[in-house]
Amino acid sequence: MRGKPCIRGMRIRVVDILDLLSNGLTYEEILKELPDLEEADIREAILYA
């Protein structure tokens, strides 16, 4: 992932989660799009930012 921070060793970048949130997606919509994520992962991405 070219040194970008990722969620729990997955190939999902923190910036991708933040982009989804900034585009207005809810936690539920993000979890539906990325079923490997947990709600805590989204909160941790926000805290990281």
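Quick note: the coordinates plus some simple rules give every number you see, no bench work behind them. Just so you know, these numbers come straight off a predicted model, no measurement behind them. Cβ: placed from backbone, ideal geometry, glycine included. Neighbour counts: every protein chain shown.
What the table below lists for this structure:
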read-out: The one condition in (1) without any contact (Cβ under 8 Å) to a residue 12 or more places away in the chain; (2) on the phi < 0 side of the Ramachandran plot that Gly24 fails to fulfil; value: (2)
read-out: All positions within region 23-42 that are surrounded by 12 or more Cβ atoms within 10 Å (Cβ to Cβ), under 13 Å from Arg8 (Cα atoms) and not aliphatic (A, V, I, L, M); value: Glu38, Asp41
